[in-house]
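Read the structure below first, then the notes.
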Amino acid sequence: MHYYFDSVLGLGQQESRYYADSPVSLGCRMPLGGWLSDRLRPRLGQRRASRLVAAGGMIAVRLC
């Protein structure tokens, strides 16, 4: 992926590394979000727990 972002799309080295690392990071964070949602479900219900985890993830991405 790094080659594609750098050579084909013409992004710089730093941007290519960032975008190439994104799928790996997502693969690690998605199970964490599911686990957290499962833990919050008894207290908040299924809809609220899922929405809270999704909203929290979106806010965390914006802060980075």
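Please treat every number below as a calculation from the coordinates, not as lab data. Note that the structure is a prediction, hence the values are computed from the model and not measured. Glycine also receives a Cβ, built like all others from the backbone with ideal geometry; neighbour counts cover every protein chain displayed.
Points to keep in mind about this one:
- Across segment 23-42, not a single residue is classified as surrounded by fewer than 12 Cβ atoms within 10 Å (Cβ to Cβ) and on the phi > 0 side of the Ramachandran plot.
- When segment 35-64 is filtered for residues that are part of a helix (DSSP H, G or I), more than 12 Å from the chain's Cα centre (by Cα) and not aliphatic (A, V, I, L, M), the ones remaining, listed by number, are TRP35, SER37, ASP38, ARG39, ARG41, PRO42, ARG43, GLN46, ARG47, ARG48, SER50, ARG51.
- Hits in segment 4-22 - residues which are in a helix (DSSP H, G or I), surrounded by 10 or more Cβ atoms within 10 Å (Cβ to Cβ) and not acidic (Asp, Glu): TYR4, PHE5, SER7, GLN13, SER16, ARG17, TYR18, TYR19, ALA20, SER22
- First in segment 21-47 and without any contact (Cβ under 8 Å) to a residue 24 or more places away in the chain, second anywhere and in a helix (DSSP H, G or I) and surrounded by 12 or more Cβ atoms within 10 Å (Cβ to Cβ), Cβ under 6 Å, 6 or more apart: LEU36/VAL53; SER37/ALA49; SER37/SER50; SER37/VAL53; LEU40/ALA49; ARG41/ALA49
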